[in-house]
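Some notes on the structure that comes next.
Read-outs throughout are calculated quantities, based only on the coordinates presented, and are distinct from any laboratory measurement. What you see is a predicted model, and the numbers here were worked out from it, not measured in a lab. In this analysis, Cβ positions are derived from the backbone assuming ideal geometry, glycine residues included, and neighbour counts consider all displayed protein chains.
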Amino acid sequence: MKLTFDERWNLIEKISKRTVTFGKYKHTLKDAIGELTVKPLTGIPVAIAVLYGFWSFFSSFAGTLFTDGFFVKLFDFHYLPWIQQHFPGAGGWLYYILVGDPAAGNCFEAFGVLTSGLFVAIGVVLPAIVAFYLLLTLLEDMGYMPRLAVLIDTVLHKIGLHGYAIVPSILSLGCNVPACAACRILETKKERFIMLTLLAVFIPCGAQLGIMREVIPETMGLVLLYLLIGYFIFGFVLNKVIPGESPEILIDVPPYQMPLLRNVGMKVWIRLKGFFRTAIPFVLLGCTVVNILYLSGAMDWIANVLSPVLSGWFGVPKETIGPLIAAFLRKDLAVAQLSAIEMSKYQMITSVVLISIYFPCVATFVMMLKEEGGKGLLGSMTTMVAVVTLYGGLLHLIWILLGVA
Amino acid sequence: MIKNKFGSIYFGILGMVTVAFGVADLLVTIGGESVPWGILEIPADMFRGGWGGFIILFAGVFYLLGVKNFSEIHQQGKVVMGSIMIWIVAGCDIFGMITESIPGGEEGGWLNTLEGFLGTYTPPYSPAIFLLPFSLVVIYYISLSSHK
């Protein structure tokens, strides 16, 4: 049976009359709250409150309870003395690689694969990652994330992205690897290039945040602020320089709902499995490589060669080269390694910023290659070199002008 | 009608007190030294006093914006949002106390002693914790709106 145009519309009308109930929709309290979280005037203070809760929970759960409360004691007072005493061949190269400095009083300073490597991966990073993914999943399942995307859309358009770029940006605060994959939600090549470059350069991962909280608790806010400013400045520049389009998006905002415990548990577990697979092997490999470089004398040679750049341009001690090399494997490991180098508070801030904005860790590097291809990755790397030179040097200039460098 | 009138007056007063606490938080943070006042202590650190104070201030503003024409659902939404913001700050303060109270500290055992555990919960408390019980009244209005 073939229907004419009019007959088809008549049929549609008949079906809709039978199946759709028409009436005036009465707004509920949930709708009212949903609207408040999307409108800029009310939504921004709410977003600031949500971020406060996020950060406070992250610090209390990961820092106060697990790392400082239990893991520091377990690793520094029980495990480290035990392994230093019982591991055979003290003073030998294998001992140096696996256990590290035999005189070290804590796991941060020992820098062996089985001491610092395990402590960083399990004692510091794991609680931070659990806290981060738990909160992120709760916000996603509750329905807050799409609202945050709508709220921040106008701001992100200034840097060539749209509201949904908030998803890879926030995911990146947990781990850059899934964040690179999440960049697929951005439609154009230009958007993906900007997002991948910005997240690799300016967004510290959860592991790095956890270590920063331990090593530079007082100045961490300054470091994050500096990175945030860089995210927007360089995003703005990239948007002007990179050709291509940044289209508008249409988001379906779901109603607020109570997260289901089973779903939350499953999502957190899937994300944690990814962390176990990618992060822990790289932390242990990073310790090994850096220790081999130290033992072979290669580290001293590289430090001497790059000394004019490190000390002259960036104003940090030449010993920072060790952590910078380790940063290619794991950035959290590199920040932890900085704590063993003697330097001023301002040099420490510069070093942490350098580690954050310099080359992405190898896992992110591989993901970027997969997502962008060789040409895109080369473009991102060129941007990174420019950023690290300009932004790192600028920080040194600020310290000189303040009279603290 | 009477319930809404009461709600309007109650949250109006609570809004003014909340704004005052928020402003006090910010001023004390600018001053740089925390102010103890009996069992109340206004923190001076940038995180709890500055950032937290800013949220408390806006919670108060939300209350004040919501009290006019209180029976209207969008107005009640503002009051509920004000309470949620207080719950976030107070909840974080309480969670911080809980996480501090469990481990035994560097010198002690793995877990805290009963004395040390209970000692963490003794006053002084932050302004957000003081506002918390008063903000819970909004639950009554949430339940009223869900029965409508």
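Rounded to the nearest 500 deg cm²/dmol, what is the calculated helix-only ellipticity per residue at 222 nm for chain A, with -39500 (n - 2.57) per DSSP H run of length n ≥ 4?
-21500 deg cm²/dmol
Once you have the alpha carbon radius of gyration of region B:1-45, what is it after dividing by 2.2 N^0.38 Å, with N set to its residue count?
Against the compact-globule rule of thumb, the ratio is 1.57.
Which net charge results when you count Lys and Arg as +1 and Asp and Glu as -1 among the other residues whose beta-carbon is under 12 Å from that of residue A:271?
Every neighbour counted, the sum reads +2.
Which entries in A:273/A:375; A:73/A:267; A:39/B:3; A:190/A:267; A:39/A:189; A:190/A:370 show an alpha-carbon gap greater than 21 Å?
A:273/A:375; A:73/A:267; A:39/B:3; A:190/A:267; A:39/A:189
Over chain A, with a Gaussian network built from C-alpha contacts below 10 Å, which listed residue (A:234, A:87, A:314) shows the highest mean-square fluctuation?
A:87
Scan chain A and report its longest stretch carrying no trypsin sites (Lys or Arg not before Pro) that are both in a DSSP loop and have at most 15 other Cβ atoms within 10 Å.
Free of exposed loop sites, the longest segment is A:159-405.
Which value in nm describes the separation of the simple spin-label points at residue A:237 and residue A:154, placed 7 Å from the Cα toward the beta carbon?
So the label points at residue A:237 and residue A:154 sit 2.7 nm apart.
Counting only complete DSSP H runs, which helices of chain A cover 30 Å or more along their long axis at the Cα atoms and score a mean Kyte-Doolittle of -0.5 or above?
Those that clear 30 Å and a mean of -0.5 are A:220-241, A:261-296, A:362-402.
May I ask for the equivalent-ellipsoid semi-axes of region B:8-137, computed as the square root of five times each C-alpha gyration tensor eigenvalue and listed largest first in whole Å?
After scaling each eigenvalue by five and taking roots: 31, 17, 11 Å.
When we measure straight from the Cα of residue A:24, which lysines land under 22 angstrom away, once same-chain ones fewer than 8 places off are left out?
Those lysines meeting the cut-off are A:14, B:148.
How many partner chain Cβ atoms sit within 10 Å of a residue's Cβ in peptide A:35-47, on average, as a whole number?
Mean shielding count: 3.
Average partner chain C-beta neighbours within 10 Å, per residue of A:56-64?
What the average comes to for A:56-64 is 5.
Please report, largest first and rounded to whole Å, the three semi-axes of the ellipsoid equivalent to the protein assembly as shown, where each semi-axis is the square root of five times an eigenvalue of the C-alpha gyration tensor.
The three semi-axes for the protein assembly as shown are 44, 33, 23 Å.
On a 0 to 90° scale, report how tilted helix B:2-31 is relative to the longest principal axis of chain B, with both axes built from alpha carbons and the result rounded to the nearest 10.
The helix B:2-31 is inclined about 40 degrees to chain B.
Can you tell which of B:86, B:42, B:13 shows the greatest fluctuation in a Gaussian network model of chain B with Cα springs below 10 Å?
Looking only at B:86, B:42, B:13, the largest GNM fluctuation is found for B:13.
What order do you get for A:351-357, B:123-129 when each peptide is scored by the mean count of other beta carbon atoms within 10 Å, highest first?
A:351-357, B:123-129
Can you tell which of A:133, A:226, A:25 shows the greatest fluctuation in a Gaussian network model of chain A with Cα springs below 10 Å?
Highest fluctuation of the listed residues: A:25.
Can you give the mean number of other chain Cβ atoms that lie within 10 Å of the Cβ atoms in peptide A:295-302?
0
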